[in-house]
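Nothing in this text is a laboratory measurement; each read-out follows from the coordinates by a stated rule. All figures in this text were calculated on a predicted structure; none of them were measured in a lab. Quick reminder, even Gly has a Cβ in these numbers, built from the backbone with ideal geometry, and neighbours come from all protein chains shown.
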Amino acid sequence: MLDLQKIRADFPILTQKVNGKPLVYFDNGATAQKPQVVLDAITKYYSEINANIHRGVHTLSQWATDAYEESRGKIQKHLNAKHAHEIIFTAGTTHGINAVANGFAALLQPGDEILVSAMEHHSNIVPWQMLCERTGAVLKVIPMNEKGELIRSEYEVLLSEKTKIVTVNHISNALGTINPVDYIIQKAHEVGAAVLIDGAQATPHLKPDVQALDCDFYVFSGHKVCGPTGTGILYGKEAWLNKLPPYQGGGEMIATVSFEKTTYADLPHKFEAGTPNIAGGIVLGTAIDYLNEIGFEAIAAYEHELLAYATQKLEQIEGLRIIGTAEHKTSVISFNVGNIHPYDIGTIVDKLGIAVRTGHHCAQPVMDFFGVPGTVRASFAFYNTKEEIDIFVEALQKAVMMLS
Ligand SMILES: *Cc1c(COP(=O)(O)O)cnc(C)c1O
């Protein structure tokens, strides 16, 4: 069981008033709030050990390097990666996907196929489309059903020896669907395809085990796991990271440079050109520690309770349609009420202090599939409460009354 009072006290922003009302923050799918330990760790870094890493002989630089590498080790342990050098610090999920997509440019032939799913975030569609334009590879889409679940039989038909990479989200940010990634990975490997898992929406809710999953790449964003913005992780199997050319050139990522030829540094530095977000990388480790102390099993169980409670309450509102009713779902509820525009609902509940996301959630193909311009999305974190859901449902009823 979670000690909600204690947890909520960890997040200064939760005492914030917005438009004169206590903040109800239900936009966790877009970014998570930050606990005090994370805020303190940022200050501590800049007040006590700020220096550039991997370069200086001086003590401060050594401290900063040690803290950065310690954080890499924490993340390795968290993901259960085999090696610390399989953990690449990035600026976020988008950056990680682009790094892999760019690396694949060197490996693809015209006619090769890339499979994405019908429920991807734009950041797991567009880099692959750009890659197809560059290489002549073909993008294929794994379809989903009306509940927002991938259709396994169709996936199996799409797979062939032409498939070079399959890239799907672990959890859909627009629908909340938890995808059967172990099955997806296993089937892709049967035809020799690599698999990238977009874990941006999963990592706030569960602890992935990359070795058990056997995925080739796993990416996520720091800011969705209570860490700083502009941070993220690309996990890649050692063999794959050695095979892929680097995405960016610059300092830190080289072994030797001359005007005739440059040789690349070993992993992980090959993929970490330039001075990174040092404070961010260190503090991402602090955020992961914080979540692990609470415990992902407890987090998932509690969030599931919030999901069930909110779903049951929302279903009582006349004309409300939940988009995304997969059997395996996380605490994300996308919905519409009658023909009311989601933006109008969002605006009214905002006046009452409630933050929800409205729009297409960077997943326009999902909106097209369900025939809606967008949805209202309430996404819950472990620091949310049933009382907040009650406040939200009441505000929503008010909004619906005003707008219909
Ligand atoms: C948020 C999100 C992204 C993009 O993450 P950034 O932090 O904006 O790079 C990609 N995929 C999914 C499923 C997401 O939820």
- Message: For the list (1) within 16 Å of the ligand (Cβ to nearest atom); (2) over 21 Å from Lys270 (Cβ atoms); (3) among the hydroxyl-bearing types (Ser, Thr, Tyr), I need the number of the one condition that Thr94 fails.
- Response: (2)
- Message: With the requirement that a residue be closer than 27 Å to Asn52 by Cα, over 19 Å from the mean Cα position of the chain (by Cα) and of a type in the set (Phe, Trp, Tyr), what does the range 206-257 give you?
- Response: Tyr247
- Considering only residues that are closer than 24 Å to Leu206 by Cα and either assigned to a strand (DSSP E or B) or of a type in the set (S, T, N, Q) (or both), look in the range 11-32 and name the one that is nearest to the ligand (Cβ to nearest atom). Thr31
- Message: With the requirement that a residue be in contact with a Lys or Arg (Cβ under 6 Å, 6 or more places away or on another chain) and either surrounded by 12 or more Cβ atoms within 10 Å (Cβ to Cβ) or aliphatic (A, V, I, L, M) (or both), what does the range 1-28 give you?
- Response: Leu14, Asp27
- Task: Sort out which residues of the range 97-114 are within 16 Å of the ligand (Cβ to nearest atom), of a type outside the set (Gly, Ala, Ser) and in contact with a strand residue (DSSP E or B) (Cβ under 8 Å, 6 or more places away or on another chain), and write them in order of number.
- Result: Ile97, Val100
- Message: Condition first: out of contact with any helix residue (DSSP H, G or I) (no Cβ under 8 Å at 6 or more places or on another chain), part of a helix (DSSP H, G or I) and aliphatic (A, V, I, L, M). Can you find one or more residues in the range 240-250 that meet it?
- Response: no
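For every residue, the table says whether it meets (1) of a type in the set (A, V, I, L, M, F, W, C); (2) exposed (fewer than 15 other Cβ atoms within 10 Å of the Cβ).
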site: His58; (1), (2): no, yes
site: Thr90; (1), (2): no, no
site: Asn102; (1), (2): no, no
site: Asp112; (1), (2): no, no
site: Pro127; (1), (2): no, no
site: Cys132; (1), (2): yes, no
site: Thr135; (1), (2): no, no
- Task: Test Val126 against the stated conditions and say whether it is within 13 Å of the ligand (Cβ to nearest atom), within 16 Å of Asp216 (Cβ to Cβ) and either touching a residue at least 60 places away in the same chain (Cβ under 8 Å) or of a type in the set (Val, Ile, Thr) (or both).
- Result: no
- Note on the structure: By residue number, the members of the range 196-239 that are charged (D, E, K, R) and assigned to a helix (DSSP H, G or I) are Lys224, Glu238
- Can we say Leu158 is free of Cβ contacts under 8 Å to residues at least 60 places away in the same chain and not β-branched (Val, Ile, Thr)? yes
